[in-house]
1. In whole Hz, with x marking every Gly and Pro, tabulate ³J(HN,Hα) for region 72-79 from phi via Karplus 6.51 cos²θ - 1.76 cosθ + 1.60, θ = phi - 60°.
2. What residues qualify as long-range amide H neighbours of VAL70, i.e. H under 5 Å apart, gap of 5 or more or another chain, H built at 1.01 Å from N?
3. What ³J(HN,Hα) values, in whole Hz, does the Karplus curve 6.51 cos²θ - 1.76 cosθ + 1.60 give for region 50-62 when θ = phi - 60°, with x put for Gly and Pro?
4. Can you sort GLU12, GLU36, GLU59, GLU18 by solvent-accessible area, 1.4 Å probe, largest first?
5. Counting just the Cα atoms, what span does the chain cover along each of its three principal axes? Round to the nearest Å and put the largest first.
Amino acid sequence: MASPALTRESVEQFVLAELVRLGAEESEIGSGVALEDLGLDSLDMTELGTAVKRQLGVEVRPRDFEDVVVVQDVLDVIHGRAGL
């Protein structure tokens, strides 16, 4: 279950920081930017899901990211799984 203090904004800040940690250039990250253009792949998304579960308490499975293409898709999946 997600932390009661979890907000859409806090999730977005966390995800953006994780994308940078995974190798994306912060200046290139935007909601409509393709993950592929940021140099991120399915293994990175699996690692992101693990970090989201560990740090935010939101259960995100690798298959939840199967159809994601752009950064906003990632945020939508996590927001949905968090009930935000």
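The values are calculated or read from the model by the stated rules, or taken from the named source; none is laboratory data. All of these numbers come straight from a predicted model, not from anything done at the bench. Only protein heavy atoms, including side chains, enter the accessible area calculation; ligands, DNA and RNA are left aside. Shrake-Rupley method; radii C 1.70, N 1.55, O 1.52, S 1.80 Å.
1. Residue by residue, region 72-79 yields 4, 4, 4, 4, 4, 4, 5, 4 Hz.
2. Distant-sequence amide H within range of VAL70: LEU35.
3. Listing the rounded values in order: 5, 5, 4, 5, 5, 8, 10, x, 9, 6, 10, 8, x Hz.
4. Of GLU12, GLU36, GLU59, GLU18, the descending order of accessible area is GLU36, GLU59, GLU12, GLU18.
5. Principal axes ranked by extent give 33, 24, 19 Å for the Cα atoms.
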